[in-house]
Every structure is written in structure tokens, then in C-alpha cells.
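Heads up, the thing below is written out as C-alpha cells.
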């Protein structure tokens, strides 16, 4: 693991998700840019001192010298955006598979270079757009793919939060807010990079359609903030469908209300991340159906990502864990020279990360442009 030491939010999430299915063990790490903090974090995780490193460079070089079976098999990068590219590049160039937090990296140049290196090395790369791991998101995706809801005409995807409604990043104890609103660490975008990319990825993942054009209205409501904290985007998809994407971190009272509505010629689908075990199917010619995780005759893709009987809530950590488990199955198969059931080859890739970065750049460009409509 690179990053994720003491006081880090997302590092702990990655560790819990990785170990949930018993397929992954944390064996080493460079947990902070501060060597002492990295050492103390390693003690927290009960790692031997010789597997806790002062830097990711030291970790990758040293681990590469260890025998296969003893050295790490892959690197998980859980740092702020500006520290995604360098460790991912070095890990890939030294033969290690990579899991990376989203967005992919700091800028488009880095994104294209990582995509090139992954293609060149043939190594496995997963991006943790964790919302794609929910069983009912898998169900919705297969329903669309199989034509159950007909031809898609309209997509509405929203991700409102309210935690940045005031300038909390100025407080000493607001580490997460500080880096996410800092252009030197977050990149070109704030809310649209942090959560707008989740909405974009979810819309493309479920529908199987790529966004072809967009028109964005981007705002920074909190005085003195350097990056966007609210955005509204009109979308056009490659099949002619139209869409609306809204992402906001100043929507007072909202927690993590990611939700999506997809309307086809036969039915509509609706899913809420805060109630993830439920998928609403609204038919044109019969009453609405309410599908529940683990209940009834769902598609195999949904069943394969359901761990416990119906009525027992599965949530954020389990969805995150689905990405890690599927990635682990693919790495294990690569090591053992075996094959993987295609159901488990389903996780966001480096190319999804490039699309996400391109989305960020086009949204910000459109938001600043008088022309507005831009090709994606």
C-alpha cells in the first residue's frame, strides 16, 4: 500500500475492503511521505519493520528483489490525486499489478501515459469506482445489456453532498477537505473531479453507453474556494440518448445521495446509493417492480456479488470489496496460469480512468466556455 497511514480515511476503507473475502493480505507499505509516520502506521497494522518503507520508491525496488511468493503481488495506491501517477508508473514498470483510487491521476498527460504503460506491460490495473460493485448496480447493468428496458432514451444521474457548504477546509482538523479543494493536490476540478466522476462512471457503466457531448455550468459558491463545489451538466450519449448529471458538495443536508434514473422504451430503472439493496423497475405496461439484493430470480452477475442472504444490508464496504475480490481472482489466475469466470473480470480499468479524467477536463472547459457544447 502507498499512503493510507494514520489519520487517512480512504486507506482504512481500502484495507477493510481488500481483506473482506480472504483473498488479499497486506504484506508491506509506504504509508506516508513522513517516514516516521509510515513506521508507526506499519506497527498499527502489525507488519514486520523490514516490510515498512520510508518511500514507495524504496518499497518497489526492495520488494522486486524478493522471491516470487514472498514479495508483494500488487500495489494499492490510496494517496491524494497528485500522488497517483508516479507510484503507479513505477509499480507497472517494475512488473507489479496496480489498484488505484480515483480519479486516475492529476492531469490528462499522466492519464494517457498510464494507459500506454498498462497496454505495453499487459499488467492488471483496477480503478476503485466502488459504486460499480453493488449487486443491484450489476443487476441494472445486465438488464440494460439484455434489452429488458428497451432502447435507452434518457439518463439522470445525481451526486449531491453538503459537507463543503462552508469553508471547512480552513480548519486544522479538516485534512480531507483541505486536499480536495487544493488545485495543487486535487487537480483541475473540485466537486466534479471528486464525485462528478463517480456519477459519470456509474452512468456509462450501467448503460454501456459513452458520453459523446456535454454542456456544463460549473460554480464555486463558497467565497475564497479555489475549485468548483457545484456543477450541472447536460449530456448526449453515443446512441442519441440525452442526460443530466448534477454533482454538488454544497447541497446542505445531503450526505452521499448518489442516485441514477435510466429510461428506456420498455421500462425505467432507479437506484439510490443510500438504499443500495433496492432497484426500482418501472414498466410501461405493468406495475412497478421492486427488486432486492439476494431475493428472487436475479441475474447471475448480481448473485455473484451478493455475499449474505436477502434482508441483511450490504453496503459501501462490500461494494468496494467486490472490486478487490475480482481483481484478486484475476491476479491469482495470472500467477497460476489459469482462467477466470468473466463475471469476475468486472472492475473499472485504466481506460475507465482516462474517460473519467477526460470528463473532468471537458466539464471544466465547457463551464468556462461561451460555446458550451463540447465533444467528449
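Structure data summary
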item	result
Qualifying residue in segment 294-302 (condition: part of a helix (DSSP H, G or I), in contact with a helix residue (DSSP H, G or I) (Cβ under 6 Å, 6 or more places away or on another chain) and outside the structural domain of residue 190 (by TED's automatic domain parsing))	no
Residue pairs meeting the criteria (Cβ under 7 Å; at least 6 apart or on separate chains; first within 27 Å of residue 150 (Cα to Cα), in segment 232-251; second in a loop (DSSP other than H, G, I, E, B) and at pLDDT below 95)	none
Residue count for segment 110-158, restricted to those that are part of a helix (DSSP H, G or I) and over 25 Å from residue 303 (Cα atoms)	12
Criterion: surrounded by 15 or more Cβ atoms within 10 Å (Cβ to Cβ), in a helix (DSSP H, G or I) and without any contact (Cβ under 8 Å) to a residue 12 or more places away in the chain - qualifying residue of 328, 321, 333	333
Filter result for residue 31 (within 30 Å of residue 307 (Cβ to Cβ), surrounded by fewer than 23 Cβ atoms within 10 Å (Cβ to Cβ) and either more than 17 Å from the chain's Cα centre (by Cα) or in the same structural domain as residue 190 (by TED's automatic domain parsing) (or both))	no
Some residue of segment 239-253 being closer than 13 Å to residue 140 by Cα and either modelled with pLDDT under 95 or part of a strand (DSSP E or B) (or both)	no
Members of segment 202-232 that are more than 16 Å from residue 161 (Cβ to Cβ), under 20 Å from the mean Cα position of the chain (by Cα) and part of a strand (DSSP E or B)	211
Hits in segment 200-221 (condition: without any contact (Cβ under 8 Å) to a residue 60 or more places away in the chain and buried (at least 19 other Cβ atoms within 10 Å of the Cβ))	203, 209
Any hit, segment 34-46, residues being in contact (Cβ under 8 Å) with a residue 24 or more places away in the chain and touching a helix residue (DSSP H, G or I) at 6+ places or on another chain (Cβ under 6 Å)	no
Per-region count, segment 47-74, residues touching a residue at least 12 places away in the same chain (Cβ under 8 Å), farther than 22 Å from residue 175 by Cα and not in a loop (DSSP other than H, G, I, E, B)	10
Filter pass, residue 250 being closer than 18 Å to residue 198 by Cβ and touching a helix residue (DSSP H, G or I) at 6+ places or on another chain (Cβ under 7 Å)	no
When residues of segment 336-358 are limited to those that are part of a helix (DSSP H, G or I) and either touching a strand residue (DSSP E or B) at 6+ places or on another chain (Cβ under 7 Å) or modelled with pLDDT under 95 (or both), the one surrounded by the most Cβ atoms within 10 Å (Cβ to Cβ)	353
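The values are calculated or read from the model by the stated rules, or taken from the named source; none is laboratory data. No experiment lies behind these values; they were computed from the predicted model shown. FYI the Cβ positions are ideal-geometry reconstructions off the backbone, even for glycines, and counts take in every protein chain you see.
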